[in-house]
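The values are calculated or read from the model by the stated rules, or taken from the named source; none is laboratory data. Remember, it's a predicted structure, so these values are computed and weren't measured experimentally. Here the Cβ positions follow ideal geometry from the backbone for every residue, glycine too, while neighbour counts run over all protein chains shown. All accessible areas refer to the heavy atoms of the entire protein, side chains included, with ligands and DNA or RNA removed. Shrake-Rupley method; radii C 1.70, N 1.55, O 1.52, S 1.80 Å.
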Amino acid sequence: MHFKLPPVCLRAPARRSVTALCAVMSAGMITACGGGGDDASGSLAVSGVLYGLEQGKTITLQNNGSDELALNANGAFAFGHAAAPGAPYAVTVKTQPAGQHCTVGQGTGTLSAAPTNVRVDCMGVGAGYTLGGTVSGVPAGQAVVLTNAGGEDLAVAADGAFTFARPLAAGASYSVAVKTAPAGSGCVVRNGSGVVAAAAVKSVAVQCAPLSTLPDGEWQHDRCQASASGGVRDLWRLSVRGEGWSSVDVAVGTVNFSNGQCGGVGVATPGALSRTFWFQPQRSEFGAGLAVFWGNTQAFPYGHLLAPVWTRVALVRKANHLCLLDDPATLSTFTTAASLEPVVTAAIAAGQCFSPR
């Protein structure tokens, strides 16, 4: 519906509150408006949601170090200064509410047609639980940059324990990932996602290694399959044999879950695994965000008394995923790391790869 006269919003000239008085001089209608939103020119406003602010208290946010917004109630908010699509934004806390500590999640980015999803969480000073774990394999003079759900970054420059600065409330979810790996290295995160119980989280494990190093440890398939007891994922237990241009023994088992969505940690096949294959690399390439090992797998599907079956494959590591490509047409067509990148990205999106367990 279109009106001849646009809304006229009456605001204080300096610091804006989350509420403002608007008079719409058309057909006697009155409309309330907040401190922002998209305007008719196509400009966009930075918006989000405030949680946990105690009654009677005020928090002041800033966007890009200048545009200020004072909030005194939980709920949706928007900054008053709109900007064109593609403009950067960076939301920070300028003034904390008395007796509380507030943090900003997803507070940086560039404006687009999709609404911004800035999240501001407040809690009492000293409340909440820390999120952390251990890092290994960081080269001297370099750092690995970790991120929790894209809302808080942490640079770790040495092996050992790490802790994010922002405390989390009980029941809050977390998801730790590698934002930037050290040059020439690949890093994987184990135990990186979960829900905070009434205790500090110290179990996140980040392992970095040169890209030329073959992957090891336990990896579970990204795809969950239904089972009689709930859900099941395939399990790979990788053991590197030897140094340098070595080989990998891959023991195959399962991880069983009590629910059909494979939620939680699950129970891995205990002890030695009976189904095993062997991977022998022949060449490798590192680039386009990938570590690619071309080679062959050797398996004994008909027993060790009969001849093994050899299959040409590529074992690819991208970020926190491990993919085995064995389609002959794919391997013949895409012979470099750069050409394989979209193939691997599609395989990860389709749930055809493995993640660290």
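Applying the Kirkwood pairwise sum to the alpha-carbon positions of the stretch 73-132 produces a hydrodynamic radius of 13.4 angstrom.
Normalising by the residue count of the chain, find the relative contact order in percent from Cα pairs under 8 Å and 6+ residues apart.
Result for the chain is 9 percent.
Dipole orientation for the chain: of the candidates Pro85, Val316, Leu53, Leu53 has the Cα lying most toward the positive pole (charges on Cβ; Lys, Arg +1; Asp, Glu -1).
The residue list Gln142, Trp278, Thr163 was ranked by how far each Cα lies along the charge dipole of the chain toward its positive end, using unit charges on Cβ atoms, and Thr163 comes out on top. Computed over every Cα-Cα pair of the chain and binned at 20 Å starting from 0, the pair-distance distribution P(r) comes out as 23, 45, 25, 6, 0 percent.
Shown for the stretch 80-223: the carbon plus sulfur share of the solvent-accessible area, taken with all protein chains present and a 1.4 angstrom probe, equals 56%. Helix 337-349 versus the longest principal axis of the chain: what is the Cα-based angle in degrees, 0 to 90, to the nearest 10? Long axis of 337-349 versus the principal axis of the chain: about 70 degrees. Remark: the Cα gyration tensor places the stretch 273-340 in the prolate category, a/c being 1.5 or greater and a/b exceeding b/c. Computed on the stretch 251-338, with alpha-carbon pairs under 8 angstrom and 6+ residues apart, the relative contact order is 20 percent. With the chain treated as a Gaussian network of Cα nodes joined by springs under 10 Å, which of Gly264, Gly48, Gly295 yields the largest mean-square fluctuation? Among Gly264, Gly48, Gly295, the largest mean-square fluctuation in the Gaussian network model of the chain belongs to Gly264. Applying the Kirkwood pairwise sum to the alpha-carbon positions of the stretch 301-357 produces a hydrodynamic radius of 12.8 angstrom.
When the chain is treated as a Gaussian network with alpha carbon springs shorter than 10 Å, the biggest mean-square fluctuation among Ala170, Ala307, Ala70 belongs to Ala307. Note on the stretch 167-317: with charges restricted to the Cβ of Lys and Arg (+1) and Asp and Glu (-1), its dipole about the Cα centre is near 100 debye.
The candidates Lys202, Lys318, arranged from most to least accessible area with a 1.4 Å probe in the full protein assembly, appear as Lys202, Lys318. Between the listed residues Ser332, Thr110, Gly186, the Cα displaced farthest toward the positive end of the dipole of the chain, a dipole computed from Cβ unit charges relative to the Cα centre, is found at Thr110. Sorting Leu146, Leu305 by solvent-accessible area of protein heavy atoms yields Leu305, Leu146, largest first, with a 1.4 Å probe. Taking Cα centre as origin and charging only the Cβ of basic (Lys, Arg, +1) and acidic (Asp, Glu, -1) residues, the dipole magnitude of the chain rounds to 360 debye.
Dimensions of the stretch 107-148 along the principal axes, based on C-alpha atoms and rounded to the nearest Å, stand at 41, 32, 13, largest first. The calculated Kirkwood hydrodynamic radius for the stretch 122-217 is 13.8 Å, given to one decimal from all distinct C-alpha pairs. Per residue, the stretch 104-210 exposes 46 Å² of accessible surface when a 1.4 Å probe is rolled over the protein heavy atoms with every protein chain present. Provide, as a two-decimal number, the C-alpha radius of gyration of the stretch 179-269 over 2.2 N^0.38 Å, N being how many residues it has. This ratio for the stretch 179-269 stands at 1.28.
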